[in-house]
Structure formats: C-alpha cells, structure tokens
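What follows is one structure encoded as structure tokens, with my remarks underneath.
The values are calculated or read from the model by the stated rules, or taken from the named source; none is laboratory data. This is a predicted model, so every value here is computed, not measured. No Cβ is skipped: glycine too gets one built from the backbone with ideal geometry, and neighbour counts run over all protein chains shown. Side chains included, ligands, DNA and RNA excluded: accessible areas come from the protein's heavy atoms. Shrake-Rupley method; radii C 1.70, N 1.55, O 1.52, S 1.80 Å.
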There are 2 protein chains.
Amino acid sequence: MKSIAVVGSGLVGIVLAISLKKKGFDVEVYDRSPDIRNIDFKGRSINLAMSTRGWKILKEIGIEKEVKALGIPMYQRAIHTENGEIVKQPYSVDGESAIWAISRGKLNKELIAIAERYGVVFHFNTPVWDVDLDKGYLYTAATEKDEWKGIAHDVIFGADGAYSRVRGRMQRQSRFEYQQSYLHLGYKEFIIEADDLGKYKLLPNYFHIWPRKDFMFIALANTDGSFTCTLFMPYEGEVSFSAIQTAEQVDVFFERYFQEIKELIPCFVKTYQENPVNSLVTMKCFPWVYEGKVALIGDAAHAVVPFYGQGLNAGLEDVYVLNKIIEEQKEINWDTIFEIYQTERKPNGDAIAELSYRNFKEMSESTADAMFILRKQIEVWFAQKHPNSWLPLYDRVTFSSDSYVQALELGDRQRKIMDEIMATENIESLWDSSFIEQEILKRL
Amino acid sequence: MKSIAVVGSGLVGIVLAISLKKKGFDVEVYDRSPDIRNIDFKGRSINLAMSTRGWKILKEIGIEKEVKALGIPMYQRAIHTENGEIVKQPYSVDGESAIWAISRGKLNKELIAIAERYGVVFHFNTPVWDVDLDKGYLYTAATEKDEWKGIAHDVIFGADGAYSRVRGRMQRQSRFEYQQSYLHLGYKEFIIEADDLGKYKLLPNYFHIWPRKDFMFIALANTDGSFTCTLFMPYEGEVSFSAIQTAEQVDVFFERYFQEIKELIPCFVKTYQENPVNSLVTMKCFPWVYEGKVALIGDAAHAVVPFYGQGLNAGLEDVYVLNKIIEEQKEINWDTIFEIYQTERKPNGDAIAELSYRNFKEMSESTADAMFILRKQIEVWFAQKHPNSWLPLYDRVTFSSDSYVQALELGDRQRKIMDEIMATENIESLWDSSFIEQEILKRL
C-alpha cells in the first residue's frame, strides 16, 4: 500500500487524512506548528459556519455526530440595523436548514484526536520548506536556513493553506497559472463574553450582522455562552483601520455605528487596539496536481474571502469528491484520480471564489435595504409555491449538493429574472399576487 | 556610503549596477550562474530589439556607442506572406528610426566587462535562495537544501528575472498582489547560418516575419552573418508543438507553411526536434519595494510577452527613471526614492504588459492582411501631414519617451478613430483624399 503524506494539519488536511486512512493507506501528517492540543489557540480566524458540503464528508467518514456536538445551529440571520431594529431572515426556504457555528480551534483539536484513533501519524513542529515533485520528497528542517532533510512518500497532498509551500514549488514550474489578490478590507476579532450567569447576551441560534455599507460587524455563538465576532473594515479611507487608532477614535466610531456592541463588549477599545488586523486573500491557481505524485487541496488550491461561509466547506467538498473518485477506481491509479479530481474541482474552486467575492457586497450593503429584504421575501414566497422550480442562490450554495458552477450559473439567471420583477410598478403592494407569480413562471 | 546588492547579472541588473557605481555606491552583483564569459551561451531567449527607452540609460551612463557596435539596426519589417511575397513596412513615420537587433549573450558579456572596469564586484555561482527584508540579508548556499549563509547589505535590488527569488520572499507578505499567467503559445529557437561566403541569406536590416495567423516565425540578424529565429506556436491543437513531433510531421508543416525557411535552414528538422519549447509568461505584482530596503526591477517586477520587443527596454527604462530620481534627491533617502520609483513605474509596467499582449494578435493575424496594411498606410500618410497631431502607437512605444500609460491611452483613442475611418465606404480608393484627412482631423 502506498504511503501518503498530508502537509498541513488544518481541518481539511486532517479530514483528508482520516478518509485516506479509512481506505487503508498509510497516512502521515506534517505541520510546522506544535500540536494545537497543547497550546492556547489564538484565533485570528473567523468562526466557521459548517454547511451541507462540509457535513457530507464528515458523515461519510462517520464523525458527523461528534462534530455537531461542538457546534451551534444558526437558522436565521439577525440583521441589526443602524436605527436599532433587528430584522430576522431565515437562511432556507423551509426555515429548517441551519448553518453551524463551530469554534475552529476546538474542532481542530477534536479532529486530531479522532485521526489518531484511526492510526494517522502526526509530525508536529516539522515545517515542510519544499518538495521534490518527481521524487515525492518533503524537505524539512527546524528553520529554512538549516540543512534540509528529505522524507520520501509515494503521494503528497498539499493541505497547507493559502500560503502553501507545496504550491510554492509547483508555482515555479513553467505554465503554472497563479494569482493572489487582496480585498481592500481587513478584519479584526472581538469576543462577546457570556454574562455573569454564563448565559448568551444575544440569541445564540442566529448569525448576527450589523451591516454598515462599507464595513460590518458579525457575531457567531460558541457553546460556552460567548460569541466570536469579526469587524470587517477597509484598511484605508475615511472610516478605516488606519483612520481609527486612538482610544478616542475607537470610542467615537463604536458610539456612532455600533452602540449595541459597546454594551456587549465593555473592553471594546482595548480589544480593538490589541488585536491585529488580518487580510483577506483570494487565490487561484492551476494545475492543482503534479502527475500522480502531488495534489493541492482546500485553501492551498483555492483560497476565498469568507463572505459566503464556504471556505472550509469547499475544502471539505474537495475531500468528498476525491473520496468518491478513489472509490470508483477498480485499481488505484493516482495519475487518473488526480486528473479527474482537478478537472472536476478547479471550475468549482473558481466559482466559489466569485460567489464569495460578490457576497460581501450583499452582506454589507444590502441586507438592511428594504428593497433587498422584499426581493428575498418574493424569492422565498415563490420558492415555497414552486419548490421544484426555484431554489434561491444562497440555499443552493449552502444547503444543496449542486456544484458551485451550477449555483453561479443558475444564480445569474435568477438575478436577471428578479431584476425584472423588482422593476414592476408598485411591486411593494403587488409582490404576492398571482400576476407576479405568472411573471416569474413565464421567465423560467 | 551604502553598500548595495544587485541580485541577478542579466542585462538590467548590470546596467543598474553600473549606474549606481557611477553615483559612488559600493555595488556587488550576485548570480547563481557561472560567469557567462567563460561558458557557451545557450540562448533560449529571443534576440532582443533595443529601442529608444533602452538607449536612453545606456547613453546616460556613457556606453551607448560600445553597445551599438554589437547590434544591427532594423528600419523595416519584412513580411513574408504565405504566397511568397515580401511586404516591407518602415517602423517609423520618417522611415529613419531603427530598432536594434543585438545578441543577448554577447551584450551580457560586454556589459559585465564594462561593469568590472567601473569597479562593480561580481559573485558568480552564488545563488540567492531567500532574503530577509528587514535586515537586508541575502541567503546563499550551494544548493537550497544546504545550510544558508547570510550576507548583509544596506539596499537590495531584485533584478533576478521573471522567477525572482527576491520577489518570492515579498510575495509571502500579507497584501502582496501577484499574478502569473502563460500564453497558450510556446516558442522554439532556430538559426539561419551565414552562407558559405559568410554573407547574410536575408536582408539584415529588416525584422523578418512570416505571419501565419495562429503561429509565426521571425528572424533577426546577428553581426556574424547569421540570424536568430523564433517559431511561436500553440502548445496544443491542430497545428501545435504537441501535434508536430515526428520528422515527417515537421517536414510536412514547414513544407506547407514555411517553404522559404526549409531552404534557409537545411537542418530545420533536427533543430526542431532538439531544441526545447519555451513558455511565455506575463507577471504582475505589487508592491515592488519593501521600505527603503528592497526593490524589484526589470522582469522581476513586470514580465511581459515579447511581442512588442519592449521587455528589456521597459527594464532599462526602470533603471533610467531610478537614476533620475536618485539625482533629484538632495540627500539620499531610499524610502523616498523607492516610493517615487514604484509610484511612477508600476502603472507603466501594467501598461506595457497589456500592449505586449495585444501586439501578438497584430503581429500574427494582421500584418499580412490587406486592410491592416491599408490602415497602417493611412496612419503614416496622416502622420506625415500632421506630425504634431498623430504619432502612431508603435512609434510612441518604440521611439518616444512618452510613458507606456500615455501610449496605451492615446493608442486606444487612435484605434477608435481608425475603426471609424476604415468603415468609410470605398476607403480603399478614398484613403488619401482631403475628405479622409478632414474626417480624422475633426475626430482629434
């Protein structure tokens, strides 16, 4: 049996390792960091929202229940408008589908424990600086400057994230397409602690958003009564991380735009000044594989901005698809497996990058807008009447198994239809009429 | 005085080193390759065509004449059509401006000798694997796997080409914009040897092109009677490097499309089969500098496809601009110098990338097309009548000092005007009338 190396012990790397181990391969995971179980996880990453694509592979490898126990289902958005109102929007047409807020650190620790139970071998504190694509060597050393040691494996997976070293080597090949691009926005983490009784200060089963057009604040519940929060804001400009720095500036900013947060996070000034500003990258590349030797997966292959909550879900869907491809092979041929894998996944990686990028505008600009809310309402109303003809884009991306490519295409078609419908005179009063129903039907 | 490291002993690196040395800085050049003067230069690169932007800095540092002695001026294109005709097109409106064919290897050797005369120190066989941006360290070792040694300099220039290691380090910074993209075409080098008497087999003072729409062959003269030639062709498809491999296929291909070449290069089959196919990359990135410590220059900052003959010229213009900025400083402050440098050059790097990409279509598709030739003819006719109102795009890019950004903008405006003019009924017979002259004038 072939020996497989997985570089990176993030969520996608470990789930991949478990799925391969369950197929009988020898799997060893390498990571530059120490075992996360022994350290204080300093989260600089946005709480993840697990949805259908993520659950699929977890179910497949039999760990869905264990992971669900770590999370909190969110059935609706709670939109906190500037005038203090809260507008609730169910995530799905039936109101019953949820996305799951899970602490990234907690989940990571749990997955390592599960993987060890299955016999996956972990090498922590083992940075991989480079790979030899042809020989299948990983090169490791305490620091990049020291002499490197080569470790041989038959197959290597680069699950080492948006700044992947495995991809770094592939990028030096001729004809490797690559692009990395940053949003003008950065983000900063905050925590809403539980109250004195250990209770949530906001309703936990909601995805809380404070949209303010060019910037926004979000909060997702943890199981311990706290919320992990993120402020997204431009780096430069009138309202920006560079313009807001002193305690007074921070106070004025929250007083003006996020009064509610001031009350929820008494130490907001200290947190704002202490926590770093993190950047938001979109990364696309091609090819994802090198013969039957090396393959990129997850963020190492397609890093997206977090506004659709699909970064991890897309990575886990990579594992799901790869798993299926392996099962469909009569005899294991990694050249074939990798070729099918990248042909199937690359267009979907591009599609979710596009969808994620577009969704920032929707989340920050439109969620509080009356016409946007009406538009969503019409979609839900129509989808409830004709569930086989209309699945809103968000539902398709989040709760279906349709490919991201299909979601993007159908979403574009639906948007065009809704643009026309929203242009109807008196749409505000006509929207739930059979006239509008017919207007939509004849456009399908 | 500050000590400056230049990584890369290509043409831009050495010209930069000379210009800095002449300003009194200590300059050391590092290159992974051996001294090119001691080895047989195996050219995998297209012969360069030096034009106005390149000459400017060579003149500035007083070596224009020495370099011109290595080259051959080309005043016109000679277009070899499929039916065996040769159409000649002057490069400039006045017919007197030339681009200069120069052997890259020869020029490189000459420049090293000149630089040594000025006191530039060269470290050959010294690969730079990484840099420490803050400390200004270069890290070097015989191979990347060995223990690295750090060498300190005050300022580092990455002139290490499209695959720059210096840029590789900068790319790992947050918010570094990067993209590399390859054309679907590759290229292969050929040589037309001098005849038995040592004479040229084609007219030397012409840039010879055999355009065949999706592929083309070009030839530039060397001083020894030979021509360095390049076949540009898609990697895949009906007529492509992958479809044409056997001796018979090569023979059929040249027989059908390039009969003239068959006669000029008797060993065309052997050359075709032996020489590698090289790829064509466009690379854009930002920022180009790291504080006052590190700056990228030439291909390391902006790699373009070769179809405008501007790759080297753009790199040399970087040196020219940098040189001017340094001269304008009362006191040398590298933070300021680098900031001005990238602000001025980055938009021009993007513009020449765009112009170069577009020019492939023109060179391969249009040069043999009757309407294209007429269009050029009208432009020249009008430009001769109104030299202050109309400088054709090619002239502006190649023979002027207008920025590439201006060239792109003005070129777009001129194209729009010419599109309208070419749509005039009976343009073929009307083109040199005062009616057309007025039509152009009123659109300016």
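Structural remarks
- Both radii are taken from the alpha-carbon atoms of the range A:9-93; with Rh as the Kirkwood radius, Rg/Rh is 1.09.
- Around B:Ile325: net Lys/Arg minus Asp/Glu count, Cβ-Cβ under 11 Å: -3
- Of B:Gly309, B:Gly292, B:Gly13, the one that fluctuates the most in a GNM where chain B has Cα springs shorter than 10 Å: B:Gly292
- Computed from the Kirkwood radius of its Cα pairs, the Stokes-Einstein diffusion coefficient for the range A:1-144 at 37 °C and 0.692 mPa s stands at 189 µm²/s.
- Estimated translational diffusion coefficient (Stokes-Einstein, Kirkwood radius over Cα pairs, 20 °C, 1.002 mPa s) of the protein assembly as shown: 69 µm² per second.
- The GluC sites (Glu not before Pro) of the range B:43-91 that DSSP puts in a loop, and whose beta carbon has at most 13 other beta carbons within 10 Å, are B:Glu85.
- Summarising the amide proton neighbourhood of B:Val128: residues at separation of 5 or more, or on other chains, whose placed amide H is nearer than 5 Å comprise B:Arg32.
- Modelled FRET efficiency - R0 60 Å, A:Glu64 with B:Lys213, Cβ distances, 0.05 increments: 0.60
- The same position B:Val405 in the other copies lies at 4.0 nm from this copy, comparing label points 7 Å beyond Cα toward the beta-carbon, shortest first.
- Only Cα pairs under 8 Å and 6+ residues apart enter the sum, and on that basis the relative contact order of the range B:264-313 stands at 32 percent.
- Largest-first ordering by accessible area, 1.4 Å probe, given options B:Val121, B:Val281: B:Val121, B:Val281
- When the range B:183-279 is reduced to its Cα atoms, the Kirkwood hydrodynamic radius in Å: 13.7 Å
- Taking the label point 7 Å along Cα→Cβ, B:Lys22 and its counterparts in the other copies are spaced 6.9 nm apart, in ascending order.
- Amide hydrogen proximity for B:Tyr290: with H placed 1.01 Å from N in the peptide plane, the residues at 5 or more positions away or on another chain lying under 5 Å are B:Ala295.
- Inter-chain neighbour count for A:178-190: the average number of beta-carbon atoms from partner chains within 10 Å of each residue's beta-carbon is 3.
- Other residues with beta-carbon under 11 Å from the beta-carbon of B:Leu374 carry, at +1 per Lys or Arg and -1 per Asp or Glu, a net charge of -2.
- Summed over both chains, the contact between A and B buries some 2400 Å² of accessible surface at a probe radius of 1.4 Å.
- Relative contact order (%) - chain A, alpha-carbon pairs under 8 angstrom, separation at least six: 18 percent
- Added length on full extension, which subtracts the Cα-Cα distance from 0.36 nm per residue, B:Lys88 to B:Glu331: 82.3 nm
- 1.4 Å probe accessible area per residue over the range A:288-444, in Å²: 44 Å²
- One decimal place: the segment B:Lys135-B:Leu197 gains 16.5 nm when fully extended, by the rule 0.36 nm per residue minus the C-alpha distance.
- Legend: mean number of C-beta atoms from other chains within 10 angstrom of residue C-beta atoms, peptide B:128-136, equals 1.
- Here is how far apart the B:Lys361 label points are across copies: 2.5 nm, shortest first, using a point 7 Å from Cα toward Cβ.
- Residue among B:Leu393, B:Leu231, B:Leu430 with the largest mean-square fluctuation in a Gaussian network model of chain B, springs linking Cα atoms under 10 Å: B:Leu430
- Mean partner shielding of peptide A:144-151, defined as the number of other chain Cβ atoms within 10 Å of each residue Cβ, is 4.
- Placing dummy labels 7 Å off each Cα toward the beta-carbon, the span from A:Asp154 to A:His184 is 5.2 nm.
- Shown in residue order for the range A:92-101 are the 3J(HN,Hα) couplings computed by the Karplus curve 6.51 cos²θ - 1.76 cosθ + 1.60 at θ = phi - 60°: 10, 4, 7, x, 9, 8, 10, 9, 10, 7 Hz (x for Gly and Pro).
- Across all Cα atoms of the range A:369-443, the radius of gyration (one decimal) and Dmax (whole number) stand at 12.2, 36 Å.
- Inter-part distance where the range A:373-444 and the range A:163-206 are each reduced to a Cα centre, Å: 31 Å
- Remark: relative contact order (the range A:286-401) = 28 percent; criterion is Cα-Cα distance under 8 angstrom and separation of 6 or more residues.
- Electrostatic dipole magnitude of the protein assembly as shown [Cβ: Lys, Arg +1; Asp, Glu -1; Cα centre; debye, to 20]: 1000 debye
- 3J(HN,Hα) from dihedral phi, the range B:307-320, Karplus parametrisation 6.51/-1.76/1.60, rounded to Hz, x for glycine, proline: 7, 10, x, 10, x, 5, 4, 5, x, 5, 5, 4, 5, 4
- 222 nm mean residue ellipticity, helices alone, for the protein assembly as shown (DSSP H n ≥ 4; -39,500 (n - 2.57); rounded to 500): -12000 deg cm²/dmol
- Highest GNM mean-square fluctuation among A:Pro234, A:Pro90, A:Pro387, for chain A modelled with Cα contacts below 10 Å: A:Pro387.
- In plain terms, the bigger the Kirkwood radius, the slower the diffusion; for chain B, with that radius from Cα pairs, at 25 °C and 0.890 mPa s, Stokes-Einstein puts D at 105 µm²/s.
- Amide H within-cut-off set for B:His123, under 5 Å, with H built and near neighbours excluded: B:Val29, B:Tyr30, B:Asp31
- 0 to 90° range, to nearest 10: angle between helix A:434-443 axis and chain A longest Cα axis: 30 degrees
- Ordered from longest to shortest, the equivalent ellipsoid semi-axes for the range A:205-353 are 42, 17, 12 Å, each the square root of 5 times a Cα gyration tensor eigenvalue.
- FRET efficiency for the A:Asp146 to A:Ala113 pair, using the beta carbon distance and R₀ = 25 Å, is estimated at 0.20.
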